[in-house]
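**Student:** Here it is: the structure, laid out below.
Only the coordinates and a few stated rules stand behind these numbers; no lab work does. Note that the structure is a prediction, hence the values are computed from the model and not measured. As a convention, Cβ positions derive from the backbone with ideal geometry for all residues, glycine included, and neighbour counts pool all protein chains shown.
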Amino acid sequence: MMDRDTFDGTIRTFQHRTPFRTFTVAMVNGERLEVDHPDALAVRDGRALFAAPGDVPVVFDPEGVC
C-alpha cells in the first residue's frame, strides 16, 4: 500500500503532465477510473475526488487503489 505522500505525488504527477494524457486509476474493487482531464481530480492529504462527466463523484485513497 502507498503512503499518503506517495499517493498524492503520484496522482499529481499524472494530473500535471504536459501535455496531459488520459490515465487510468485501477481500484482494488475492480473499478477503473478513466481520468480524461486534469481538472477531473482533486487531491489532498491522501484522498482524491474524481468527477467524471455526468457521473457521481468518486472519493478514493491509497487503500482503494491497486
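**Student:** What is the extension gain from V59 to T10, computed as 0.36 nm multiplied by their sequence separation minus the C-alpha to C-alpha distance, in nm to one decimal?
**Tutor:** That works out to 16.0 nm of additional length.
**Student:** Given the alpha-carbon gyration tensor of the range 4-64, what are the semi-axes of its equivalent ellipsoid in whole angstrom, ordered largest first, with each equal to the square root of 5 times an eigenvalue?
**Tutor:** So the equivalent ellipsoid measures 16, 15, 11 Å along its semi-axes.
**Student:** Follow-up question, since we're still on this one. How charged is the neighbourhood of V25? Take every other residue with its Cβ under 11 Å from the Cβ of V25, and add Lys/Arg as +1 and Asp/Glu as -1.
**Tutor:** -1
**Student:** Which listed residue (V43, Q15, F60) has the Cα farthest towards the positive end of the charge dipole for the range 4-64, taking +1 on Lys and Arg C-beta and -1 on Asp and Glu C-beta about the Cα centre?
**Tutor:** Of the listed residues, the answer is Q15.
**Student:** Let me ask you something else. Considering the chain as a Gaussian network with a 10 Å cut-off on Cα pairs, which listed residue, V56, V25, V35, attains the greatest mean-square fluctuation?
**Tutor:** V56
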